[in-house]
Amino acid sequence: MRRYHDSLPLRVSRRMIMIGGYDRALALSAQAFVALVPLLVVVSAVAPAALQGPAGRAILAGFGLSAAAASALSDLVDHPPGADTLSVLGVVLLVLAVLGFTRSLQRTYVMAWRLPARGIRGLGYGLLAAVALISEFALLTLLGPVATALVGYRSAGIAVQAVGATLLWWPVQYLLLGGRVGWRALLPGAALTGIGQAVVILVSGVYLPIAIGHQADRYGLVGVAIALLSWLVVLGLLLVVSAVVSAEVASGPLAADERDD
């Protein structure tokens with residue numbers, strides 16, 4: 001009975017309930033979704049005019065959508081009227097959205113590891129983590145397609161993305177926790193996040209075109225937003241669960257009992 005009580009799944013479940021894991025995943029997904037709008041505005045504003053149309057069509061083709069779904073999604077990709085005048089505002093909103101997402105993720109990791117909050121002192125680490133997250137997104141966007149093109153197998157692209165995401169999430173976790181947890185203890189969480197992220201990307205390659213197409217046919221642009229938000233909720237859950245699992249694996253049942261007492 002004691003062994004069952006100290007099992008990793010049960011400890012993870014207790015910790016998820018204690019920190020409000022599902023609510024935190026919803027908050028992370030909502031903040032990530034909010035960042036999409038200023039991101040599209042900024043990209044549309046700064047991209048050369050000659051590339052805006054081809055870039056948008058390339059993005060839509062990558063989703064493999066139907067004509068109706070592609071038409072709805074193009075409203076998010078096309079250059080909006082007056083985007084040049086909104087570029088500065090878009091950058092400000094994007095920075096605020098990314099910082100808000102990073103701070104929420106930072107609080108999630110701090111609570112999962114049962115560390116005291118650092119307040120303003122943790123803001124510097126949060127800023128560095130935000131830069132690291134943006135860099136990770138840019139690199140992972142390129143790694144998968146490049147590996148697939150070089151090797152010729154999609155599985156190779158997924159494997160490269162998993163390894164790359166693991167290596168990138170490793171220092172991100174270190175920054176989120178303010179350097180208060182050792183590198184070895186952070187590796188399981190980084191591996192879980194990296195592998196999970198690659199799996200979600202693989203599954204979303206099948207799920208997203210169907211979901212976006214179905215929702216867009218029924219609800220138009222609102223349907224596209226619903227499909228994207230549901231995908232972000234899965235990613236948010238992955239981040240929260242990875243943080244909790246990493247902390248519980250590092251602490252072990254004995255240390256966990258001592259802290260709970």
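Taken together, the values in this text are just the output of simple stated rules run on the coordinates, not laboratory data. Every value quoted in this text rests on a predicted model; they were computed, and no experiment measured them. All Cβ positions, even for glycine, are placed from backbone atoms using ideal geometry, and neighbour counts span all protein chains on display.
If R₀ is 25 angstrom, what is the calculated FRET efficiency for the pair LEU167 and LEU8, using the beta carbon separation as r and rounding to 0.05? Plugging the Cβ-Cβ distance into 1/(1 + (r/R0)^6) gives 0.55. Between VAL234 and ASP217, the contour length at 0.36 nm per residue exceeds the Cα-Cα span by 3.8 nm.
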